[in-house]
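First the structure, in the form of structure tokens, and then the observations on it.
The values are calculated or read from the model by the stated rules, or taken from the named source; none is laboratory data. Being a predicted model, the structure only gives us computed values, none of them experimental. In this analysis, Cβ positions are derived from the backbone assuming ideal geometry, glycine residues included, and neighbour counts consider all displayed protein chains.
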Amino acid sequence: MVPGFIASEIAGAFVGALLVYAAYRDHFKATTDPTTKLAVFSTIPNIRNLPLNFVTEAIGTFALVMGVYGLVVPPAIAKLVPGAVTVAFLVWGIGLSLGGPTGYAINPARDLGPRIAHAILFPKESSDWTYGLIVPIFGPIVGAIIAALIAMAVL
């Protein structure tokens, strides 16, 4: 089931990016800066340093996965507040604290689907695949794996 979930998330993010493009088509035509256009579709580092950007994404995703385990898995907490609400506040907190360096993808699909849409919609502009394949995809995967291993060992 996991491959289907992954494909669905990427497809959903791709479709969402196409809808944003449709809504703001005239704005994209009026915008001459290619980096500004890319920033609408995907994450861009504030300061480009691939190793540190990778670590930032791994930390953010680690915090997300551990937070989800801590907020949703214990039944007492899940009864008090719906899981979606607690996770939404967790994502918001991660964004406020760790969003500056990388734009916090913390989910590979959140960046990959829209980046693919950008590449299709703006084929003459760079979609920055060097950054896009390393930081917002593999950083979150590493952070999630570490968090899941720790959570399974503790719980």
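Across the range 29-39, not a single residue is classified as loosely packed, with under 15 Cβ neighbours inside 10 Å, touching a residue at least 60 places away in the same chain (Cβ under 8 Å), charged (D, E, K, R) and more than 16 Å from Ile94 (Cα to Cα). When Ile120 is tested against (1) within 16 Å of Ile10 (Cβ to Cβ); (2) buried (at least 19 other Cβ atoms within 10 Å of the Cβ); (3) modelled with pLDDT of 95 or more, just one condition goes unmet, and that condition is (2).
Of all residues in the range 124-136, count the ones that are surrounded by fewer than 19 Cβ atoms within 10 Å (Cβ to Cβ) and assigned to a helix (DSSP H, G or I).
Counting residues in the range 124-136 that are surrounded by fewer than 19 Cβ atoms within 10 Å (Cβ to Cβ) and assigned to a helix (DSSP H, G or I) gives 4.
Can you give me the ranges of the helices (runs of 4 or more DSSP H) entirely in the range 1-73 with at least 2 residues that are under 30 Å from Ala151 (Cβ atoms)? Per the criteria, 2-23, 50-72.
Looking across the range 47-77 at every residue that is at pLDDT below 85 and loosely packed, with under 14 Cβ neighbours inside 10 Å, the one that is farthest from Trp129 (Cα to Cα) is identified as Ala76. If you go through the range 30-46 and pick out every residue that is farther than 16 Å from Arg110 by Cα, at pLDDT below 95 and not polar (S, T, N, Q), you end up with 0.
Go through the range 109-123 residue by residue and tally those that are without any contact (Cβ under 8 Å) to a residue 40 or more places away in the chain and in a helix (DSSP H, G or I). Spell out how you get there, then give the answer.
Looking only at the range 109-123, we keep the residues that are without any contact (Cβ under 8 Å) to a residue 40 or more places away in the chain, and these are 119-120, 123.
Retained after the next criterion (residues that are in a helix (DSSP H, G or I)): 119-120.
The number of residues fulfilling the criteria is 2.
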